[in-house]
Amino acid sequence: MKERLEKIKAEALQKISESDVLEKLNEVRVNYLGKKGELTAVLKSMKDVAPEDRPKVGQMVNETREAIESVLDAAVKKLEQAAMELNMKKEVIDVTLPAKKLKMGHRHPNAIVLEEVERIFVGLGYEVVEGPEIEKDYYNFEALNIPADHPAKDEQDTFYVNGDILLRTQTSPVQVRVMEQGKLPIKILAPGRVFRSDEVDATHSPSFHQIEGLVIDKNITFADLKGTLDQIAKELFGADTKCKFRPHHFPFTEPSAEMDVSCFKCGGAGCRFCKGSGWIEILGCGMVHPKVLKMSGIDPEEYTGFAFGIGLERITLLKYEIDDMRLLYENDDRFLKQF
Ligand code: DAH
């Protein structure tokens with residue numbers, strides 16, 4: 001029995017020393033120490049051993065098992081260590097290589113201009129509010145004194161979700177939504193995206209942005225409108241800027257006007273930029289129509305107000321001397337990075 005065990009041990013140790021991968025060591029473990037392994041077979045044959053010799057043989061088997069196990073464990077550790085070292089060598093990091101550069105985006109010129117306009121108005125005590133881009137016909141047209149058969153509806157054709165719901169053509173509906181809430185006085189700025197069935201060209205897009213303004217209080221006059229917008233123009237385009245109000249028509253204001261600023265390129269002398277006129281149109285405005293006030297639950301005998309609508313893209317193009325509106329929507333960062 002002793003020789004048999006010695007032989008098993010010698011064989012096992014030999015196999016261990018020949019193993020160069022973990023799988024082979026595992027095989028040795030199974031073949032010699034496993035349930036169907038050689039040592040278990042020896043234990044099973046104990047019934048043939050004389051009862052008085054059994055404890056002795058049992059101890060020998062255990063010693064053999066322990067001897068094999070300890071050599072095997074050491075061999076496994078050694079191979080694992082070697083594998084880890086190899087991995088570490090493979091994964092060397094060259095800290096002298098240049099770092100990967102994160103490509104940063106850039107603020108859109110529209111966003112830069114909008115923020116500047118908002119900053120100026122907030123400084124004058126205005127609150128910035130928003131309204132929905134998908135709007136009811138009532139807010140977009142009806143409540144702004146543009147009834148179903150009004151020609152302005154034709155000029156501002158848009159995408160209709162159904163007969164009552166459409167993509168808003170202007171930010172003016174936000175005026176109505178705020179007035180309806182019934183909290184007076186009102187002093188708001190409402191920027192946002194609008195939609196029209198316009199063909200794309202250098203100055204048109206089916207989707208663009210407006211900045212709406214509304215002030216309602218007791219004793220508001222056209223002088224307040226002029227003073228406010230003159231102040232804004234000077235802050236946006238420079239202290240020397242002059243403003244001119246031309247009579248115009250909007251269904252929701254009476255009287256209505258368009259405001260021109262003196263060309264900040266030539267100072268009013270006339271150049272290619274202002275098409276020789278010395279003036280550049282930048283917004284529409286007027287005194288809120290009494291009908292519009294009344295429809296939104298405000299008494300026009302007690303309250304008056306003014307409103308204005310600025311085309312954001314128009315200001316951006318002017319300010320940065322961009323000659324094609326399409327550049328604003330292409331998101332080419334070579335273009336965007338310049339502002
Ligand atoms: N909503 C007008 C448009 O899209 C612009 C406008 C004009 C807004 C006069 C106003 C205003 O608030 O008073 O053409």
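The values are calculated or read from the model by the stated rules, or taken from the named source; none is laboratory data. Because the structure is a prediction, the values reported are computed rather than measured. Cβ atoms come from the backbone with ideal geometry, glycine included; neighbour counts cover every protein chain shown. With ligands, DNA and RNA removed, areas are computed over all heavy atoms of the protein, side chains included. Shrake-Rupley method; radii C 1.70, N 1.55, O 1.52, S 1.80 Å.
Summed over the range 131-144, the residues that are open to solvent by less than 20 Å² (accessible area, probe 1.4 Å) and of a type in the set (A, V, I, L, M) give a count of 2.
Say whether the condition of being closer than 30 Å to ILE322 by Cβ and exposed (fewer than 13 other Cβ atoms within 10 Å of the Cβ) is met by at least one residue in the range 80-102. Yes, there is a match, as at least one residue in the range 80-102 is closer than 30 Å to ILE322 by Cβ and exposed (fewer than 13 other Cβ atoms within 10 Å of the Cβ). Within the range 238-252, how many residues turn out to be more than 13 Å from the ligand (Cβ to nearest atom) and open to solvent by 30 Å² or more (accessible area, probe 1.4 Å)? The total comes to 5.
Of the residues making up the range 12-25, those that are under 60 Å from the mean Cα position of the chain (by Cα) and closer than 16 Å to ALA67 by Cα number 1. The set of residues in the range 10-55 that are basic (Lys, Arg) and at pLDDT below 85 comprises LYS44, LYS47, ARG54.
For the range 209-216, the criterion of being charged (D, E, K, R), surrounded by fewer than 20 Cβ atoms within 10 Å (Cβ to Cβ) and within 11 Å of the ligand (Cβ to nearest atom) is met by none of the residues. When only residues in the range 297-310 that are touching a residue at least 60 places away in the same chain (Cβ under 8 Å) and over 37 Å from the mean Cα position of the chain (by Cα) count, which is nearest to the ligand (Cβ to nearest atom)? The extreme case among them is THR304.
When only residues in the range 288-323 that are in contact with a Leu (Cβ under 7 Å, 6 or more places away or on another chain) and assigned to a strand (DSSP E or B) count, which is most open to solvent (accessible area, probe 1.4 Å)? Going through the qualifying residues, I end up with GLY309. Total residues in the range 167-210 satisfying the condition of being touching a Ser or Thr at 6+ places or on another chain (Cβ under 7 Å), part of a strand (DSSP E or B) and among the aliphatic types (A, V, I, L, M): the figure is 3. Of the residues making up the range 201-218, one or more are at pLDDT 95 or above and more than 35 Å from the chain's Cα centre (by Cα).
Between GLY276, GLY227, the distinction of being free of Cβ contacts under 8 Å to residues at least 24 places away in the same chain, part of a helix (DSSP H, G or I) and surrounded by fewer than 15 Cβ atoms within 10 Å (Cβ to Cβ) belongs to GLY227 only.
When ALA202, ALA148, ALA152 are screened for being hydrophobic (A, V, I, L, M, F, W, C), away from the ligand (no atom under 12 Å from the Cβ) and within 30 Å of ASP299 (Cβ to Cβ), only ALA148 passes. Residue pairs whose Cβ atoms lie under 9 Å apart, separated by 6 or more positions or on different chains, with the first residue in the range 12-23 and surrounded by 13 or more Cβ atoms within 10 Å (Cβ to Cβ) and the second not in a helix (DSSP H, G or I), do not occur.
So, in the range 155-199, of the ones that are within 16 Å of the ligand (Cβ to nearest atom) and of a type in the set (S, T, N, Q), which residue ends up farthest from MET287 (Cα to Cα)? So the residue we want is SER197. Answer yes or no as to whether VAL261 is of a type in the set (A, V, I, L, M), within 14 Å of the ligand (Cβ to nearest atom) and either in contact with a Phe, Trp or Tyr (Cβ under 9 Å, 6 or more places away or on another chain) or in contact (Cβ under 8 Å) with a residue 12 or more places away in the chain (or both). It is false that VAL261 is of a type in the set (A, V, I, L, M), within 14 Å of the ligand (Cβ to nearest atom) and either in contact with a Phe, Trp or Tyr (Cβ under 9 Å, 6 or more places away or on another chain) or in contact (Cβ under 8 Å) with a residue 12 or more places away in the chain (or both).
Under 6 Å by Cβ, and 6 or more places apart or on different chains, what pairs join a residue from the range 60-85 that is closer than 16 Å to GLU11 by Cβ with one that is of a type in the set (Val, Ile, Thr) and in a helix (DSSP H, G or I)? Here the result reads VAL61/VAL42; VAL71/ILE16; LEU72/ILE16; ALA75/ILE16, each pair linking the range 60-85 to a residue that is of a type in the set (Val, Ile, Thr) and in a helix (DSSP H, G or I). Among what's in the range 282-296 and is touching a residue at least 24 places away in the same chain (Cβ under 8 Å) and of a type outside the set (A, V, I, L, M), pick the residue that is nearest to the ligand (Cβ to nearest atom). Filtering the range 282-296 for residues that are touching a residue at least 24 places away in the same chain (Cβ under 8 Å) and of a type outside the set (A, V, I, L, M), the one nearest to the ligand (Cβ to nearest atom) comes out as GLY284. Scanning the range 145-182 for residues that are within 21 Å of HIS204 (Cα to Cα), open to solvent by less than 50 Å² (accessible area, probe 1.4 Å) and within 31 Å of the chain's Cα centre (by Cα) yields GLN156, THR158, LEU166, LEU167, ARG168, THR169, GLN170, THR171, SER172.
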